[in-house]
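Beneath this line is the structure, given in structure tokens, with notes to follow.
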Amino acid sequence: MTHYYEKGLETMPRPNLEKLQLKHLQTLVEYVYEKCHFYHKKMDEAGIKPSDIKCLGDLKRLPFTTKQDLRDNYPYGMFSAPVNEIVRVHASSGTTGKLTVAGYTQNDIDVWSTVMARSLAACGCSSSSIVNVAYGYGLFTGGLGAHYGSERLGALTIPASSGNSKRQLQMFKDFKVTTLCCTPSYALYLADEMKNEGYNLSDLNLKQGIFGAEPWSEEMRVQIENKLGLKAYNIYGLSEIIGPGVSVECEYQNGSHIWEDHFLPEIIDTETLEPLGYGQQGELVFTTISKTGMPLLRYRTRDLCSLTDEPCKCGRTHVRMAKVIGRSDDMLIIGGVNVFPSQIESALFTVKGIEPHYQIIVDRINNLDKIEIQVELEDELFSDEVKTLQNLKNQLEKNVASAISISVKIHFVSRGTIERSIGKAVRVIDKRRI
Ligand code: DLL
């Protein structure tokens, strides 16, 4: 049986949906032009006025927004609402030390709770579900996003957050958890811990898992489903747009429905920046048409995928996005946390004696992502006593961990060990098979 949270809106015939989208888009463009200096200036530069938006096709006349714009206007410059109307901020890593900040009004928290409630319902949840939220709570949007959506649906919500796996498993059993929300890699880790701790599938009552925040493969889906005895659904989102709940799979697990009455999707060619058609691979771009805190026009996500408008058996009319196949920048996602190699580089070079040659090796060990950084040392330092080297290593590990919020292992190598490149340096070796 198909579960809906807002059936009318989720299954709205396309012509009506498009009418609604246009109305919201026009209101939004007028709103940001008036309220946000950044957009006022950008639209003036592009020679476009709010009254020029006459049909959905006019979307492509609007300027793009990038992560760099958010960084340049850190922390509050992209807000359209005054700060006293903002009730929450979330943030994710930027390429420099600066965070990418997203501000939410009460209206935005409501929009988010609603799209998350819809997302949970699309995965088969209802008010009878018992939802264990094992995404991290904090500046990251995973925990609180899933939490508010689950409460909005009326489900029993457990704010477990990530970590403390033994306790998570105990709660699965004792609280009769039906729904697990976490990153797919943490789900696999929990599945292995379950075996180590001597739990059987018959001890558990899991029905569905709602996994996202990082790319994962069909092979991983099969493993998670078999090991945890649940149906594994993909959920997608990004803090700049709202957090989790921008799109989600339905029971047919064949692409994720984008909640198009809130987020207008486009796929663009990364070279020409021209919009591409359904079925074509390119970069996903979103315009938020119902937010008031920090609405964004044509935000370039850097995520590469394609869209389809083919009808879905669930009856929802909102287009579906295929799995994200990669990014058009160098952002890595390590255990759900966004990391840019440039953040690691700046942290390394705060210490004297480090050569500018390093390599970041990412691997997945026991289903958890690990980072090792091989760093070349000046010859003089290499001949130093072990204690000095150990101190240096500790210092570097501390610096990098505080820059990217993830612990890393530093491995010193002698000068010339890291292969030199005549083109772009190969800074990252990603051994994870996702
Ligand atoms: O990861 C929001 C989220 C939380 C989504 C929990 C799903 C579940 P950010 O930290 O801002 O927000 O990272 C956003 O993560 O641009 C993608 O590159 C990647 N990403 C998110 N979900 C998926 C997914 C959250 N299902 C960035 N598949 C995005 C592949 C994903 N990549």
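Take the conditions crowded, with 20+ Cβ neighbours inside 10 Å and out of contact with any strand residue (DSSP E or B) (no Cβ under 7 Å at 6 or more places or on another chain) and apply them to Ala117. Does it pass? Steps first, please.
Working: crowded, with 20+ Cβ neighbours inside 10 Å: yes; out of contact with any strand residue (DSSP E or B) (no Cβ under 7 Å at 6 or more places or on another chain): yes.
So Ala117 fits the description; yes.
Out of all the residues in the range 314-329, which are within 12 Å of the ligand (Cβ to nearest atom) and either of a type in the set (Gly, Ala, Ser) or part of a loop (DSSP other than H, G, I, E, B) (or both)?
Kept after step one, since they are within 12 Å of the ligand (Cβ to nearest atom), are these residues of the range 314-329: 321-329.
Once the filter is applied, which keeps residues that are within 12 Å of the ligand (Cβ to nearest atom) and either of a type in the set (Gly, Ala, Ser) or part of a loop (DSSP other than H, G, I, E, B) (or both), the range 314-329 yields Ala322, Lys323, Val324, Ile325, Gly326, Ser328, Asp329.
Given the residues Leu156, Leu144, Leu139, which is the only one that is within 14 Å of the ligand (Cβ to nearest atom), out of contact with any Leu (no Cβ under 8 Å at 6 or more places or on another chain) and not charged (D, E, K, R)?
Values: Leu156 fails: within 14 Å of the ligand (Cβ to nearest atom); Leu139 fails: out of contact with any Leu (no Cβ under 8 Å at 6 or more places or on another chain).
One residue alone meets the criteria, Leu144.
Tell me the residue from Ile333, Ile325, Ile373, Ile365 that is aliphatic (A, V, I, L, M) and in contact with a Leu (Cβ under 6 Å, 6 or more places away or on another chain), please.
Details: Ile333 fails: in contact with a Leu (Cβ under 6 Å, 6 or more places away or on another chain); Ile373 fails: in contact with a Leu (Cβ under 6 Å, 6 or more places away or on another chain); Ile365 fails: in contact with a Leu (Cβ under 6 Å, 6 or more places away or on another chain).
The conditions single out Ile325.
State whether one or more residues within the range 169-180 are within 14 Å of the ligand (Cβ to nearest atom) and either at pLDDT 95 or above or surrounded by fewer than 20 Cβ atoms within 10 Å (Cβ to Cβ) (or both). It would help to see each step written out before you state the result.
Taking the range 169-180 and keeping what is within 14 Å of the ligand (Cβ to nearest atom), we get 179-180.
From what is left, the residues that are either at pLDDT 95 or above or surrounded by fewer than 20 Cβ atoms within 10 Å (Cβ to Cβ) (or both) are 179-180.
Checking the range 169-180: at least one residue is within 14 Å of the ligand (Cβ to nearest atom) and either at pLDDT 95 or above or surrounded by fewer than 20 Cβ atoms within 10 Å (Cβ to Cβ) (or both).
With respect to the numbered conditions (1) more than 13 Å from the ligand (Cβ to nearest atom); (2) at pLDDT 95 or above, which one is the sole condition not fulfilled by Tyr233?
Tyr233 satisfies every listed condition except (1).
So which of Asn391, Asn399, Asn367 ends up being out of contact with any His (no Cβ under 8 Å at 6 or more places or on another chain) and closer than 26 Å to Ile224 by Cα?
On the way: Asn391 fails: closer than 26 Å to Ile224 by Cα; Asn399 fails: closer than 26 Å to Ile224 by Cα.
Of Asn391, Asn399, Asn367, the one residue that is out of contact with any His (no Cβ under 8 Å at 6 or more places or on another chain) and closer than 26 Å to Ile224 by Cα is Asn367.
Quick one: count up the residues across the range 385-416 that are farther than 22 Å from Ile334 by Cβ and either in contact with a strand residue (DSSP E or B) (Cβ under 6 Å, 6 or more places away or on another chain) or not in a loop (DSSP other than H, G, I, E, B) (or both). Break it down into steps so the answer makes sense when it comes.
From the range 385-416, those farther than 22 Å from Ile334 by Cβ are 385-392, 414-416; that's our starting set.
Filter again for either in contact with a strand residue (DSSP E or B) (Cβ under 6 Å, 6 or more places away or on another chain) or not in a loop (DSSP other than H, G, I, E, B) (or both), leaving 386-392, 415.
Number of matching residues: 8.
Let me spell it out: the conditions are (1) more than 14 Å from the ligand (Cβ to nearest atom); (2) more than 19 Å from the chain's Cα centre (by Cα); (3) touching a residue at least 24 places away in the same chain (Cβ under 8 Å), and Gly198 meets all of them except one. Which number is the exception?
(3)
What number goes with the only condition from (1) in contact with a Pro (Cβ under 9 Å, 6 or more places away or on another chain); (2) among the hydroxyl-bearing types (Ser, Thr, Tyr); (3) over 30 Å from Lys23 (Cβ atoms) that Tyr236 does not pass?
Going through the list (1) in contact with a Pro (Cβ under 9 Å, 6 or more places away or on another chain); (2) among the hydroxyl-bearing types (Ser, Thr, Tyr); (3) over 30 Å from Lys23 (Cβ atoms), Tyr236 breaks only (3).
Search the range 38-60 for residues being under 27 Å from the mean Cα position of the chain (by Cα) and open to solvent by 20 Å² or more (accessible area, probe 1.4 Å), and hand back the single one that is nearest to Gly77 (Cα to Cα). First the steps, then the outcome.
Initial filter on the range 38-60 (under 27 Å from the mean Cα position of the chain (by Cα)): 38-39, 42, 56, 59-60.
Checking which are open to solvent by 20 Å² or more (accessible area, probe 1.4 Å) leaves us with 38, 42, 56, 60.
On the way: Phe38: 7, Lys42: 13, Leu56: 27, Lys60: 24 Å.
Once the filter is applied, the top-ranked residue is Phe38.
Give just the number: which of (1) in contact with a helix residue (DSSP H, G or I) (Cβ under 9 Å, 6 or more places away or on another chain); (2) outside any loop (DSSP other than H, G, I, E, B); (3) modelled with pLDDT of 90 or more does Pro356 not satisfy?
(3)
With (1) assigned to a loop (DSSP other than H, G, I, E, B); (2) touching a strand residue (DSSP E or B) at 6+ places or on another chain (Cβ under 8 Å) as the list, and Gly198 as the residue in question, which single condition is left unmet?
(2)
Looking only at the range 208-230, which residues are near the ligand (Cβ under 7 Å from one of its atoms) and under 25 Å from Ile289 (Cβ atoms)?
Gly212, Ala213
Criterion first (assigned to a loop (DSSP other than H, G, I, E, B), among the acidic types (Asp, Glu) and within 15 Å of the ligand (Cβ to nearest atom)) does Asp303 satisfy it? Explain how you work it out, then say what you get.
Numbers: assigned to a loop (DSSP other than H, G, I, E, B): no; among the acidic types (Asp, Glu): yes; within 15 Å of the ligand (Cβ to nearest atom): yes.
When the stated conditions are applied, Asp303 does not pass them.
Of the residues in the range 261-288, how many are open to solvent by 10 Å² or more (accessible area, probe 1.4 Å), assigned to a loop (DSSP other than H, G, I, E, B) and more than 28 Å from Leu230 (Cβ to Cβ)?
12
What's the number of the condition Gly209 fails, among (1) touching a Ser or Thr at 6+ places or on another chain (Cβ under 6 Å); (2) modelled with pLDDT of 95 or more?
Every listed condition holds for Gly209 apart from (1).
Every residue in the range 198-254 that is over 22 Å from His147 (Cβ atoms), out of contact with any Cys (no Cβ under 8 Å at 6 or more places or on another chain), of a type in the set (S, T, N, Q) and open to solvent by 30 Å² or more (accessible area, probe 1.4 Å), please.
Within the range 198-254, Asn200, Ser202, Gln223, Asn226, Gln253 qualify.
Please enumerate the residues belonging to the range 124-138 that are part of a loop (DSSP other than H, G, I, E, B) and touching a His at 6+ places or on another chain (Cβ under 8 Å). Spell out how you get there, then give the answer.
Going residue by residue through the range 124-138, those that are part of a loop (DSSP other than H, G, I, E, B) are 124-129, 134-138.
Residues satisfying the conditions are Gly124, Cys125, Ser126, Tyr137.
The values are calculated or read from the model by the stated rules, or taken from the named source; none is laboratory data. Just so you know, these numbers come straight off a predicted model, no measurement behind them. Note that each Cβ is placed from the backbone with ideal geometry, even for glycine, and that neighbours are counted across all protein chains shown. All accessible areas refer to the heavy atoms of the entire protein, side chains included, with ligands and DNA or RNA removed. Shrake-Rupley method; radii C 1.70, N 1.55, O 1.52, S 1.80 Å.
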